[in-house]
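Undergrad: The structure is given below, and queries will be raised subsequently.
The values are calculated or read from the model by the stated rules, or taken from the named source; none is laboratory data. If you're wondering where the values come from, they're calculated on a predicted model, not measured in any experiment. All Cβ positions, even for glycine, are placed from backbone atoms using ideal geometry, and neighbour counts span all protein chains on display.
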Amino acid sequence: MAPDSHTGESTGFFTRGMILLVAAILIMIVVLAAGIMQAGQGTVVPPAECSAKTISYVNTNLVSGGSAVEPVSVSESRGLYEIRALFRSEEIVLYTTKDCTLLFTNIINMSSGSGAQPAVAETAAPVKSARPSVDLYVMSFCPYGTQAETVMKPVIDLLGSQADIRVRYITTVTGATAGSVDSLHGAPEAQEDLQQVCINRYYPEKFWAYLTAFNKACYPSWQNAAVLASCRQNTTASLGIDQAKIDTCAGGEEGIALLKADEAASAKDRATASPMLFINGVKYSGARTPEAFRQAICNSFETAPAECSTVLSSTSASASGSC
């Protein structure tokens, strides 16, 4: 039987088409790489300044419908700035050249191979104790930190009387005043860190109620000082917390001492990102759900209490990112 001439023509056309497509892609890569090298050789812009410029550009030119992109963090990655942000409660990652002239919405690591799978985090064996020590490290204005607090709340309600579950704050304290506290999201976050450690010091029974109310009502306005202060005042008043007493603590040596204790703990555990969870000194690497947190804590009891038979929600309220 004679070969089907139409099939041969189609196959030949498809092959030639593929060759042209690959050639076009290679040309685009070369042109883009040349452009990146040329554009990226300008004056280096400081990371925070470039992050602010990028977020402003995205909100002005790429976002519509009343939504906005909110900055989370900026760091250096392979000669570029990596800018993490939130858009409609989901994490997005943007990249720019260090002169802040070129913006990318994704980077593909070609050395990983087309079939490469992300590494699975190994979970260390639990260290057991009669009363587990649980430390949740956060930054008070880190969205992933506040989400982790929301996830931990049902666990506190269930196991708070059986385990020592603490929120600790990641800061750098360089002096003896509130102004000497450095936190990733600036002075407003440092001030709220001080407020929260002082509320936990004087009103431990109301601390989680405050966190829940503050994160829901006040945290979204953290960049508006007047609104934030008013919301905080309303929140403490509704819970019967003496705001003046907390302000005295937060503005004095006591608040600084409390944050320094957290700073020392974070250095010991090497907790550098928000959130990070440690149970009896062992870093937790599992899912961020109430049930996953419960299981990890319950597995760290020498003898699990009856409360550990209760199953909590496995629905995640938190993205997998960090600050």
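Undergrad: Could you grab the pairs with beta carbons closer than 6 Å, sequence gap of 6+ or different chains, first residue in the range 49-60 and over 15 Å from L102 (Cβ atoms), second one not in a helix (DSSP H, G or I)?
TA: I55/V69; I55/P71; N59/A68; N59/V69
Undergrad: Go through (1) in contact (Cβ under 8 Å) with a residue 40 or more places away in the chain; (2) crowded, with 19+ Cβ neighbours inside 10 Å; (3) polar (S, T, N, Q) and name the single condition N280 misses.
TA: (2)
Undergrad: Consider A296 carefully, then state whether it is in a helix (DSSP H, G or I), touching a residue at least 40 places away in the same chain (Cβ under 8 Å), surrounded by 15 or more Cβ atoms within 10 Å (Cβ to Cβ) and touching a Gly at 6+ places or on another chain (Cβ under 8 Å).
TA: So A296 fits the description; yes.
Undergrad: Do we have any residue at all in the range 251-272 that's modelled with pLDDT of 95 or more, outside any loop (DSSP other than H, G, I, E, B) and β-branched (V, I, T)?
TA: no
Undergrad: Further question on the same structure: I'd like the full set of residues that are over 12 Å from L259 (Cβ atoms) and surrounded by fewer than 23 Cβ atoms within 10 Å (Cβ to Cβ), limited to the range 160-188.
TA: G160, S161, Q162, D164, I165, R166, G179, L184, H185, G186, A187, P188
Undergrad: Based on this model, can you work out whether V167 counts as in contact with an Asp or Glu (Cβ under 8 Å, 6 or more places away or on another chain), among the aliphatic types (A, V, I, L, M), modelled with pLDDT of 90 or more and not in a helix (DSSP H, G or I)? Talk me through it step by step, then tell me what you get.
TA: Working: in contact with an Asp or Glu (Cβ under 8 Å, 6 or more places away or on another chain): yes; among the aliphatic types (A, V, I, L, M): yes; modelled with pLDDT of 90 or more: yes; not in a helix (DSSP H, G or I): yes.
Yes; evaluated as a whole, the condition is true for this residue.
Undergrad: In the range 221-272, how many residues are out of contact with any strand residue (DSSP E or B) (no Cβ under 8 Å at 6 or more places or on another chain) and either closer than 24 Å to P71 by Cβ or of a type in the set (V, I, T) (or both)?
TA: So the answer is 18.
Undergrad: Within the range 212-261, which residues are touching a Lys or Arg at 6+ places or on another chain (Cβ under 8 Å), of a type outside the set (F, W, Y) and closer than 13 Å to S140 by Cα?
TA: T212, C218
Undergrad: Separate question: Any residue at all in the range 28-40 that is of a type outside the set (S, T, N, Q), outside any helix (DSSP H, G or I) and at pLDDT below 55?
TA: Looking for residues that are of a type outside the set (S, T, N, Q), outside any helix (DSSP H, G or I) and at pLDDT below 55, one finds at least one in the range 28-40, hence yes.
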